[in-house]
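The values are calculated or read from the model by the stated rules, or taken from the named source; none is laboratory data. Being a predicted model, the structure only gives us computed values, none of them experimental. All Cβ positions, glycine included, derive from the backbone under ideal geometry; neighbour counts span all protein chains shown.
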Amino acid sequence: MGVPDLTEGTIMRIFITGASGYVGAVVAEHLAGAGHEVVALARSDEARRRVEALGAKAVPGSLRDLEVLRGAAAAAEAVVHTAVDYANPDMGEIERDALAALLGGLPDGGAFVYTSTGLVYPDRKGATVDEDHPVSPETSPQPYKILGERQVLEAGHVAATVIRAALVYGRGGSGLLRGLIGAGRQNGMVPYIGEGANEWSSVHVDDLAALYAAAIERREPQVIVNAASAERTPMRRIAEAVAALTGARAVSLTPEQAVAAMGPAAGMLTRSSPLDASRARRLFGWNPAGPGLIEELTTGSYARS
């Protein structure tokens with residue numbers, strides 16, 4: 001089965017999950033702005049209003065409504081899956097079944113873009129990582145994302161792209177950054193662990209959305225790409241910027257203090273696996289150009305929110 005030769009600029013019907021969320025909303029906005037017919041899953045009236053404001057048509061349902069997913073995918077030429085709830089312990093099973101329905105509905109040759117994360121990689125202690133580095137659900141902080149990647153890539157009838165995103169920021173969003181900002185405002189302190197020298201890659205949400213659009217329009221079969229700008233930022237620098245934003249103090253915690261205060265999440269804050277995103281640039285002509293993470297925190301969208 002061959003993948004259709006779609007040129008850039010072709011108008012498509014695209015079904016997206018998670019369009020009322022942080023990343024999904026910006027992706028839907030970019031796709032609709034490019035002229036595509038965007039159809040979005042909406043599990044509540046509030047979600048429906050949000051996606052319609054982005055220029056998308058709402059389809060009532062959730063990731064548990066498998067026939068809704070299958071039918072919406074069957075009527076589309078591309079599917080973008082951004083919906084996720086990391087706090088739900090059943091999310092792995094929910095996503096497995098949802099992906100089966102979406103992939104089962106999407107016609108032969110359709111494009112499928114799956115949202116993964118740079119957290120699938122092991123902690124590289126500062127060494128840069130590319131897409132060929134081995135990942136394992138047994139050792140990853142996000143094991144079901146690795147399983148989801150495999151499920152999508154094994155679907156041979158679609159052109160599947162897996163996007164492993166770095167720390168997403170911009171437009172005043174991001175769970176990690178909003179959490180740090182909340183801590184600064186509530187507790188008067190923004191934590192980092194040890195010296196905070198561990199560097200993170202990051203990507204502006206608008207640059208990330210542009211990569212989704214490029215992956216659909218310049219579809220490559222069965223490919224994984226990292227999404228990150230060239231910037232690498234130490235966690236201490238992030239904490240200091242958030243502290244300046246909120247009038248708080250950036251405070252170093254020992255690993256033991258961090259675990260006591262934050263539980264298992266503390267382990268993620270000490271990671272350093274900067275992402276090599278050269279494949280996305282080469283395959284999709286992607287050129288991230290948004291303002292940097294620290295700039296956004298000090299003078300950009302977070303400073304205005």
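Some observations on this one:
- Reported count of residues in region 111-154, each being of a type in the set (A, V, I, L, M) and touching a strand residue (DSSP E or B) at 6+ places or on another chain (Cβ under 7 Å), is 6.
- Residue match in region 8-21 (condition: among the aromatic types (F, W, Y), modelled with pLDDT of 95 or more and either out of contact with any strand residue (DSSP E or B) (no Cβ under 6 Å at 6 or more places or on another chain) or on the phi > 0 side of the Ramachandran plot (or both)): no
- Among the candidates V51, V59, V79, V68, the residue that is farther than 22 Å from V162 by Cα and in contact with a Phe, Trp or Tyr (Cβ under 9 Å, 6 or more places away or on another chain) is uniquely V59.
- If only residues of region 77-99 that are charged (D, E, K, R) and closer than 24 Å to S174 by Cα are counted, the one that is farthest from the chain's Cα centre (by Cα) is D90.
- Of the criteria (1) outside any helix (DSSP H, G or I); (2) crowded, with 16+ Cβ neighbours inside 10 Å, which one A230 fails: (2)
- If you go through region 34-51 and keep only what is farther than 24 Å from E217 by Cα and buried (at least 16 other Cβ atoms within 10 Å of the Cβ), you end up with A42, R43, A47, R48, R50.
- Pairs with Cβ under 7 Å, 6+ apart, first in region 278-305 and at positive phi, second in a helix (DSSP H, G or I) and of a type outside the set (F, W, Y): G285/A214
- Output for region 173-215, where each listed residue is under 28 Å from A111 (Cα atoms) and outside any helix (DSSP H, G or I): G173, S174, S201, S202, V203, H204
- Of Y86, Y22, all but one fail to be loosely packed, with under 14 Cβ neighbours inside 10 Å and aromatic (F, W, Y); the exception is Y86.
- Positions within region 190-219 being over 19 Å from the mean Cα position of the chain (by Cα), of a type outside the set (G, A, S) and either surrounded by fewer than 24 Cβ atoms within 10 Å (Cβ to Cβ) or over 23 Å from P291 (Cβ atoms) (or both), in sequence order: P191, I193, E195, N198, R218
- Qualifying residue in region 17-39 (condition: without any contact (Cβ under 8 Å) to a residue 24 or more places away in the chain and more than 23 Å from P143 (Cα to Cα)): yes
- Some residue of region 100-108 being under 19 Å from A228 (Cα atoms), touching a residue at least 60 places away in the same chain (Cβ under 8 Å) and either more than 21 Å from the chain's Cα centre (by Cα) or not in a helix (DSSP H, G or I) (or both): no
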